[in-house]
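For reference, the structure discussed in these notes is given below.
The values are calculated or read from the model by the stated rules, or taken from the named source; none is laboratory data. Note that the structure is predicted; figures quoted are calculated from it, not measured. Note that we place each Cβ from the backbone using ideal geometry, even for glycine, and neighbour counts take in every protein chain shown.
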Amino acid sequence: MLAASASLLNIPVVILDVGEHAPAKQILAPRAPDLAHVDGSFTDPDKIRDLAAKVDVLTVEIEHIRRGRARAGAEHPQRAGAPGPIDRADHPG
């Protein structure tokens, strides 16, 4: 899990998932109120936008998300110094 590794490096992580007790949310507590986890489905474009508004880098750690919905996060204005959106990175093989 990317979130667990990031926490060991002191990198703040914000998670989008349904329910207060979603597995990833149980591993990491928010570091600050403005970094609170987002409660919602990864198929909800509005929740993806909410998540994108809180972070500099948006990754998807699930294989079955529709590309069109993932792009909802890319529509959010970038923070200064944040990298640009990457459309898709396929795993070779």
Residues satisfying the stated conditions in the stretch 11-28, i.e. in a loop (DSSP other than H, G, I, E, B) and within 17 Å of GLU61 (Cβ to Cβ): ILE11, PRO12, VAL13, VAL14, ILE15, VAL18, GLY19, ALA22, LEU28
List the number of the failed condition for LEU16; all other conditions in (1) under 14 Å from the mean Cα position of the chain (by Cα); (2) at pLDDT below 85 hold. (2)
Take the residues in the stretch 29-57 that are assigned to a loop (DSSP other than H, G, I, E, B) and small (Gly, Ala, Ser); name whichever of them is modelled with the highest pLDDT. GLY40
Looking at the structure I just gave you, is VAL60 at pLDDT 85 or above and assigned to a loop (DSSP other than H, G, I, E, B)? no
